[in-house]
Amino acid sequence: MSGWGNDLKVALPEAPPTDGAQAEGVVTEHRSAPMGEWGQKTQNNYDENLENTSWEGNVRVYEWDGEEGDLGPEHPELESVLFGDPATRDPQGIDFSKIDKINVTQEGLQRIQPISSFKDAGLHPAMLRNVELCGYKTPTPIQRYCIPAIKMGYDLLAIAQTGSGKTAAYLIPILNHLMGKAKKLAAPRPHPNEAAVGARVRAEPLVVVVVPARELAIQIFNEARKFCYRTMLRPCVVYGGGPMRDQIANLQRGCDVLIGSPGRLIDLMERADILSFRRVKYMVIDEADEMLHTDWEEEFNKILGGGEQEEGNVKYMLFSATFPTAIRKLAKTHLAESYVRVRVGRIGSTHENIKQDVIFVDQSMKKQALLDKLYSLKPARTIIFVNSKRTADELDDFLFNKDLPCTSMHSDRTQREREDAMRAFRSGETPLFITTGVTARGIDVRNVMHVINYDLPNMDHGGIQEYVHRIGRTGRIGHHGLATSFYTERDEPIARLLTMTLMETGQDVPDFLEQYKPQDTDISKLKFEYDTDEEDPGESGDAGGDGWDTGGGDSGTANGNDGGGWGAPTDNGGDASGWQAPTNSSGDNGGWAAPAASSVQEVAW
């Protein structure tokens, strides 16, 4: 390959320039050749022999064979495997000027004093060292609140934008709290040498992290491997499609931190000799809004109530980008009454580090438009989102036949094919990655510089929330990124919300979207209200209309307040956040409809 590897980092301008043609909604000028070297295309050859398959769940984790002490010795060779070359460690971007302007709202009786640096977080020196090895220098807004909240022992509900650093926000404080207590709390496990010759135990994890997607489970597992380094805590991952035999073997070597997808977790829980939740101390539900559908209710309750602990012995944490009815019900059912609620930014929003270009394209010219766009930019890791598996396959063939290094993934692919595709993309071997929405949630690939919405999301399948999640694959944790979306006449249903999203983040609105601007174009008066479940009228009366309002109070409820919230009707037309506590004042309390005795604190970072 030419110039692509684990340390791949192609620089885009901090604010990628938008030429006049793009601003007018015209496709980039046709090019017959790319402006940079994309590398050589590759082709995977699959056979029926799975013996030599490299599964992501089987990668190395830190295992200490000592008998004394609570902290393992350094392991330079494994350290290099986990954290990479020190010269290329930079998961955090350099520009926090915009992400730090995000409002952070905490609501309820408890008051959390945020940390300003990791050194102020009271972390064990070994954990602080792991944070440094990961390349984290400054805590993001959600980390500033979640780390002390978890350290103080509260249940937690955190609503935060995609790309805000949620994974580290819960892994760091949880593992830090447990690392000195591993021998006391953890289940017996075989010595690594004994495990190598077949000694087995039942897995009894202390921490369970539940996620909606296989790729996200693998990603969080890899983060856990880093933060578990030297802590005596052993991480494992289980997910559908992967080899059950290998996953069980890994569990039976001992498991303190278990990351899994719901289906595989349920399967293993039914095997009492393989997995038990009786020792669980922390239960984390990541990307919770993606999983909480009625068809999952029974399975989810089984996971959350799968232990034999007394009430209050398990700390529950919900992390989500939106706040629908199912999340509220789950919080009321499982979280302690004194749980801490933190909201980072507007629910479902994105941030200004992502430059968003929307280009009008004739439906019949989309493939050529994609090729022109790719040819016009410097080569960089690029995710191309489509709305169907068929389109993903067609684009993969099209770009491959144009001699571009690409790969693709969707839900009909085998787990082996999915893992190979992600591995090739992460390494830079195939910097062009074509995928459906299966990759839109939570996936964090280093140095994704460009996201292309070849198809804009359908309003019946994700809508503007899907759009926000997709473009959030770039511009992660302070980095700058570019998101290009192809707009056709078929995309009119999303036009108004797309226009408002562009306005909210200070983007240029192309001429063909000007007609969808609200009458009051004052950005500070834009009112976004997340569309809650239509079947749930909330506690304030009628269900909301389309869930998005520009301040005039036409969301379908009396007085213009958000019908999907927890609050009672107000006399002021509702607050700008869309989540209300009872009030007769005209000010914005920024709350989530807590009892009147609670207090709300809003801080702009």
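A few points about this structure:
- Each of HIS461, HIS479, HIS450 was scored by other Cβ atoms within 10 Å of its Cβ. Listed from fewest to most, they are HIS461, HIS479, HIS450.
- Note on GLU297 and HIS75: their simple-model spin labels are 4.5 nm apart, each label 7 Å out from Cα toward Cβ.
- Residues ASP520, ASP85, ASP444, ranked from the fewest to the most other C-beta atoms within 10 Å, line up as ASP85, ASP520, ASP444.
- In order along segment 450-466, phi translates into HN-Hα couplings of 8, 10, 10, 8, 4, 10, 6, x, 6, 5, 7, 9, x, x, 5, 5, 4 Hz, rounded to whole numbers, per the Karplus curve 6.51 cos²θ - 1.76 cosθ + 1.60 with θ = phi - 60° and x for Gly and Pro.
- Across segment 116-131, coupling constants 3J(HN,Hα) worked out from phi with the 6.51/-1.76/1.60 Karplus curve, θ = phi - 60°, read 9, 8, 5, 5, 8, 8, x, 7, 4, x, 5, 5, 4, 5, 4, 4 Hz, and Gly and Pro carry x.
- Long-range HN-HN contacts of THR484 with modeled amide H, under 5 Å: ASP357, VAL451, ILE452, ASN453
- Binning the alpha carbon pair distances of segment 352-510 at 10 angstrom intervals from zero yields the distribution 11, 44, 37, 9, 0, expressed in whole percent.
- R0 of 25 Å, Cβ-Cβ distance ALA187-VAL59: FRET efficiency to nearest 0.05: 0.65
- Net lengthening on full extension, ARG271/ASP460 (0.36 nm per residue, minus Cα-Cα): 64.2 nm
- Put simply, when 127-133, 250-256 are sorted by average Cβ atoms within 10 angstrom per residue, most first, you get 250-256, 127-133.
- Protection-proxy order for peptides 491-501, 378-388, each taking the mean of Cβ atoms within 10 Å per residue, highest first: 378-388, 491-501
- Taking amide H atoms as placed 1.01 Å from N in the peptide plane, the amide H of GLY254 lies under 5 Å from those of VAL201, each 5 or more residues away in sequence or on another chain.
- Net +/- balance of residues flanking ILE115 in space, Cβ distance below 12 Å, scoring K and R +1, D and E -1: +2
- For PHE360, the amide hydrogen comes within under 5 Å of the amide hydrogens of GLY25, VAL26, TYR487, counting only partners 5 or more places away or on other chains and with H modelled in the peptide plane.
- Highest average packing first - 116-125, 414-423, Cβ atoms within 10 Å: 414-423, 116-125
No lab work stands behind these numbers, since they all come straight from the coordinates. Just so it is clear, the model here is predicted, and its values are computed rather than measured. With ideal geometry, Cβ positions are generated from the backbone for all residues, glycine too; neighbour counts draw on all protein chains shown.
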